[in-house]
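Enquirer: The structure's right below; bear with me while I get my questions together.
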Amino acid sequence: MALPAPRFLPRAREHKLLLLVFAVALPALVLAGTAIWLTLRVSRQVEAESGRYNAYLAEIVIEAFERELVDEVRAALGPAQAVAQTTGDHEHIRNALASRARLFEAPHFVPLVELEGYSVITVEGQLLIYGADPTGRRAHPFAAMLLNGPDGNPVGAGGWWFNPRSFLAEHLRTVILDRLPTSQRMYGGFEQTRHLAFSILDQVGNEIAHVREGTFPVTARTEPMTGPFEGFQVRVVATPTSPVAFAARLVVIEVVFIALLTLVMLGATIVGARYIMRQVELVNAKTSFVSNVTHELKTPISVIMVAVETLELRRYHTEDERDKFLRAIARETDRLAHLVDNILDYSRLEAGQRTLDRSPVDLRDVVNATLDTFRLRLEDAGFHYEVTLPDSMALVLGDSRALQHCLLNLLDNAVKYSRDRKDVRVTLDTDDGLVRLAVSDRGIGIPPDERARIFEKFARVETGLVHTVKGAGLGLSLVQMLVRAHHGRVEVTSTPGEGSTFTIVLPALDGGRAVGP
Ligand code: ADP
């Protein structure tokens with residue numbers, strides 16, 4: 001039968017436990033916090049690095065688009081360039097441009113003298129002329145290159161109106177997959193771009209094309225495009241397969257891991273500390289148990305010795321005096337037997353060797369039998385006692401001797417823990433399929449926060465009469481074990497200074513069918 005852990009000086013114990021846990025927990029929490037903080041810092045550093053790299057790549061993509069446009073224009077300009085070199089005639093050049101118009105929106109030739117107002121950028125040593133329609137008729141920009149006449153001098157700019165939105169959307173894949181690897185600024189880092197997602201955003205931030213899906217927004221960087229693609233933006237973001245995403249997942253796992261490890265450590269500390277303190281308490285309890293029991297044994301033995309010696313040497317004067325000594329011997333022998341019974345019963349119950357000898361029991365018989373042996377003690381101690389037994393009573397299935405033992409313990413306590421008001425009441429009643437046997441006293445009472453622990457083994461209330469009244473701290477735990485073995489419970493109500501009532505509640509046999517006197 002499992003017992004609750006013994007508790008002594010609960011508050012001091014809680015304090016010690018708290019102190020111990022705090023001494024281990026505080027450094028552990030500081031270490032865990034530092035580890036988590038460092039991990040998060042490294043992770044943020046990695047994310048910032050990744051973001052910087054993404055911004056750099058966005059710039060390279062922008063350049064690559066300009067190269068793509070220049071290459072497209074230069075390739076398409078071949079026939080027009082040939083015409084310009086042979087004739088230099090503007091009309092012929094326009095016709096030659098028209099033949100390749102399907103690549104772009106519409107051909108356009110600007111003579112040298114009219115080139116003012118257009119912009120120029122250099123892309124890998126080549127001039128790209130671009131700009132909006134000065135007449136305002138066309139919504140899209142113009143992209144062109146210089147055409148040289150027969151004398152080798154430029155005659156004007158030949159090129160096409162083109163839609164930058166569809167150009168960007170159509171060429172994104174080529175730029176990312178073909179042009180990026182050939183960029184000299186990639187420094188061999190192309191492999192990393194496989195774990196990046198690229199997209200083109202329009203003026204209002206809507207995506208118009210993308211290569212791969214990016215799902216790691218903290219690393220996203222958006223760079224504005226310039227030149228003929230002004231207004232559009234390139235966005236680069238890490239994909240779930242990127243090292244930075246992998247690192248972020250690892251960080252989450254690591255933080256959870258550190259937190260769990262700390263919890264386990266704290267749990268182990270608490271459990272370990274409680275265990276150690278329980279052991280220390282048990283050792284203390286056993287020491288005080290031995291000294292209490294020794295005292296409990298010594299007192300009756302010395303009383304018996306004195307009484308026997310007096311009788312032996314016939315030091316009494318009257319018959320009454322002789323009876324008094326005989327009564328003292330009988331009473332102290334009872335006390336010794338009771339104590340030895342308690343200890344033996346307790347150790348047998350704990351070892352699981354005590355079996356109950358059950359039969360239908362009328363508790364009135366139990367009360368009468370117990371009082372027969374205890375009456376002497378009550379009268380000698382000057383107690384007034386009152387026993388209330390009902391006329392008819394439900395039986396219980398139980399061990400009559402064990403139940404007598406329980407009642408004896410409750411009566412013994414009532415006597416031990418009473419001072420001036422020496423009143424003991426024993427009542428028995430049946431109600432609702434339950435049988436209640438109550439012992440009330442008008443003694444010192446039990447403080448509310450001690451009521452639960454008085455049933456623990458070796459437990460004694462550290463106030464009141466406990467220092468003058470010796471006890472082993474086993475009586476109530478024995479009562480509780482025995483009553484529980486009868487499928488019952490022990491209830492206690494008490495007011496400090498006013499008295500206590502201990503009630504044994506047992507299930508009635510046959511659903512509470514009562515039997516007469
Ligand atoms: P013991 O009486 O040997 O100390 P018990 O297990 O019988 O051990 O009781 C445990 C503690 O409960 C006692 O030490 C006492 O402090 C308290 N106690 C028990 N019965 C009473 C009572 N009737 N009135 C006041 N205190 C009691």
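The values are calculated or read from the model by the stated rules, or taken from the named source; none is laboratory data. All figures in this text were calculated on a predicted structure; none of them were measured in a lab. Note: ideal-geometry Cβ built from the backbone for every residue, glycine included; neighbour counts use all protein chains shown. Accessible surface is based on the protein model in full, side chains and every heavy atom, while ligands, DNA and RNA are left aside. Shrake-Rupley method; radii C 1.70, N 1.55, O 1.52, S 1.80 Å.
Enquirer: Taking the range 378-393 on its own, how many of its residues are of a type outside the set (S, T, N, Q), part of a loop (DSSP other than H, G, I, E, B) and within 57 Å of the chain's Cα centre (by Cα)?
Expert: Residues flagged as of a type outside the set (S, T, N, Q), part of a loop (DSSP other than H, G, I, E, B) and within 57 Å of the chain's Cα centre (by Cα) within the range 378-393 amount to 3.
Enquirer: Restricting attention to the range 390-408, and to residues there that are more than 17 Å from residue 376 (Cβ to Cβ) and polar (S, T, N, Q), which single residue is modelled with the highest pLDDT?
Expert: This residue is 400.
Enquirer: Now, a different point. Looking only at the range 415-447, which residues are closer than 13 Å to residue 496 by Cα and out of contact with any Ser or Thr (no Cβ under 8 Å at 6 or more places or on another chain)?
Expert: Of everything in the range 415-447, those that are closer than 13 Å to residue 496 by Cα and out of contact with any Ser or Thr (no Cβ under 8 Å at 6 or more places or on another chain) turn out to be 418, 419.
Enquirer: Against the conditions (1) away from the ligand (no atom under 16 Å from the Cβ); (2) within 18 Å of residue 502 (Cβ to Cβ); (3) open to solvent by 50 Å² or more (accessible area, probe 1.4 Å), where does residue 366 fall short? Just the number, please.
Expert: If we test residue 366 against (1) away from the ligand (no atom under 16 Å from the Cβ); (2) within 18 Å of residue 502 (Cβ to Cβ); (3) open to solvent by 50 Å² or more (accessible area, probe 1.4 Å), just (3) comes out false.
Enquirer: Which one is farthest from the ligand (Cβ to nearest atom) among residues in the range 419-456 that are of a type in the set (Gly, Ala, Ser) and under 17 Å from residue 377 (Cα atoms)? Break it down into steps so the answer makes sense when it comes.
Expert: At the first step, the residues of the range 419-456 found to be of a type in the set (Gly, Ala, Ser) are 433, 438, 440, 443, 445, 452.
Still in the running and under 17 Å from residue 377 (Cα atoms): 440, 443.
On the way: 440: 9, 443: 5 Å.
This residue is 440.
Enquirer: Tell me the residue from 269, 287 that is loosely packed, with under 14 Cβ neighbours inside 10 Å, farther than 26 Å from residue 207 by Cβ and at pLDDT below 90, please.
Expert: Checking each option against the conditions leaves just 287.
Enquirer: Regarding residue 492, is this residue within 11 Å of the ligand (Cβ to nearest atom) and either crowded, with 21+ Cβ neighbours inside 10 Å or assigned to a strand (DSSP E or B) (or both)?
Expert: yes
Enquirer: Please pick out the residue among 436, 425, 419 that is part of a loop (DSSP other than H, G, I, E, B) and in contact (Cβ under 8 Å) with a residue 24 or more places away in the chain.
Expert: Numbers: 436 fails: part of a loop (DSSP other than H, G, I, E, B); 425 fails: part of a loop (DSSP other than H, G, I, E, B).
It is 419.
Enquirer: Right, another one. Which one is modelled with the highest pLDDT among residues in the range 323-363 that are open to solvent by 30 Å² or more (accessible area, probe 1.4 Å) and of a type in the set (Asp, Glu)?
Expert: Here the residue is 323.
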